[in-house]
Amino acid sequence: MIEHKKLINGFEYIEIKNTSATAKIALQGAHIFEYKRHYGNPVLWLSESSDFEHMKSIRGGIPVCWPWFGTPRALPSGRMPKDESLPQHGFARTAMWKLKNTNETDANSTEVTFSLSHTPESLKLWPHRFELELHVIVSDTLTVELKTTNLDDKAFLITQALHTYFDISHISHVRVKGLDKKPYFDALSMKEKIQDGDIIFNREIDRVYQDVYGKILLIDKNRTIKIQNEGSSSVVVWNPWVDKCKRMSAMKPSSYEGMVCIESANAFDDARIIKPNESHTLKAMIN
Ligand code: TA6
């Protein structure tokens, strides 16, 4: 079943239900803000104090960070837009997307595709003509594909992320496996480092890992979530911990205890150049 729904303030989303799972996806940002299988806790974390407001990104779920991840300063040197008033994580996550296609494939699986194209406003922020599609398959696995097509007559460069917030029992119970020996950029010390063993959380972590091709495991007390990416070799791991959490919008002071972000990305050295009439797809499979 696919239903179009609206919050009291007019915020529109679609609700998907099948025999495997339920999901909710907002038209603003093509933002998946709920994904639950019919057993266990929700897979995605959503802040209790999240705003569902026009032009404000939802805190939780899967924000689509595009056409840049972080600040535009994070683009590789020589290619960085200078204007730091540009929005953090790009403009796609607060733009209004179109629902392009829906398909109730079978009782266990539903597919939907959202699309976004350049507008006079987007061209002021980022001077390129494009088509962006988010294809989502809601089943026992949540599959998310973000396809960028260059409609311009010159190549452009993107960085991007599916900035997934995972729901966890408690931050002190989880560890992240699959990144051992991987090089990473530590956004807190601004240094390049190498991961030693699994990641455990006992302080703020904000890192961009490179050369990641295998499965990543988020191991919690009573469940393990697996993340497999394609068209990507970078992964961001983030938990704001105590102090940053207090400063974050749409988070309660204790929110950091119940979430961790493991983001499927093309960030920093994994930026992609897309030629005219060519496409690049970033894909995440979560189960
Ligand atoms: O991906 C990690 C990160 O870039 C952090 O530095 C953090 O502040 C964040 O994403 C959340 O950003 P936002 O713009 O959604 O508040």
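Descriptive notes on the structure:
- Within segment 230-243, considering residues that are open to solvent by less than 50 Å² (accessible area, probe 1.4 Å) and farther than 19 Å from Ser169 by Cα, the one nearest to the ligand (Cβ to nearest atom): Val236
- Screening segment 14-45 for residues that are open to solvent by 50 Å² or more (accessible area, probe 1.4 Å) and assigned to a loop (DSSP other than H, G, I, E, B) and picking the one that is nearest to Lys252 (Cα to Cα) gives Asn41.
- Within the set Ile286, Ile205, the sole residue that is within 14 Å of the ligand (Cβ to nearest atom) and open to solvent by less than 20 Å² (accessible area, probe 1.4 Å) turns out to be Ile205.
- Selected residue [over 14 Å from Tyr184 (Cα atoms), open to solvent by 50 Å² or more (accessible area, probe 1.4 Å) and within 16 Å of the ligand (Cβ to nearest atom)] from Arg247, Arg223: Arg247
- Scope segment 250-283; condition open to solvent by less than 50 Å² (accessible area, probe 1.4 Å) and either free of Cβ contacts under 8 Å to residues at least 40 places away in the same chain or among the acidic types (Asp, Glu) (or both); matching residues: Glu263, Asp270
- Among the residues of this structure, Thr110 does not count as one that is open to solvent by 10 Å² or more (accessible area, probe 1.4 Å) and part of a strand (DSSP E or B).
- One residue stands out among those in segment 181-195 that are among the charged types (D, E, K, R) and surrounded by 10 or more Cβ atoms within 10 Å (Cβ to Cβ): the one that is nearest to Lys244 (Cα to Cα), which is Asp186.
- Test: residue in segment 240-257 that is farther than 17 Å from His135 by Cα and assigned to a strand (DSSP E or B): no
- Residue in segment 9-23 that is aromatic (Phe, Trp, Tyr), within 16 Å of the ligand (Cβ to nearest atom) and under 19 Å from the mean Cα position of the chain (by Cα) present: no
- Residues satisfying the stated conditions in segment 123-170, i.e. β-branched (Val, Ile, Thr), assigned to a strand (DSSP E or B) and under 13 Å from the mean Cα position of the chain (by Cα): Val136, Thr143, Val144
- Listed conditions (1) among the hydrophobic types (A, V, I, L, M, F, W, C); (2) within 14 Å of the ligand (Cβ to nearest atom); (3) out of contact with any Leu (no Cβ under 9 Å at 6 or more places or on another chain) are all met by Ile194, apart from (2).
- Residue count for segment 29-42, restricted to those that are away from the ligand (no atom under 16 Å from the Cβ), touching a Lys or Arg at 6+ places or on another chain (Cβ under 7 Å) and modelled with pLDDT of 90 or more: 2
- Note on segment 46-71: among residues that are open to solvent by 50 Å² or more (accessible area, probe 1.4 Å) and touching a helix residue (DSSP H, G or I) at 6+ places or on another chain (Cβ under 9 Å), the one that is nearest to the ligand (Cβ to nearest atom) is Lys56.
The values are calculated or read from the model by the stated rules, or taken from the named source; none is laboratory data. Fair warning: this is a prediction, and the values are worked out from it, not measured in the lab. Counting neighbours? That spans all protein chains shown, and the Cβs are built from the backbone with ideal geometry, glycine included. All accessible areas refer to the heavy atoms of the entire protein, side chains included, with ligands and DNA or RNA removed. Shrake-Rupley method; radii C 1.70, N 1.55, O 1.52, S 1.80 Å.
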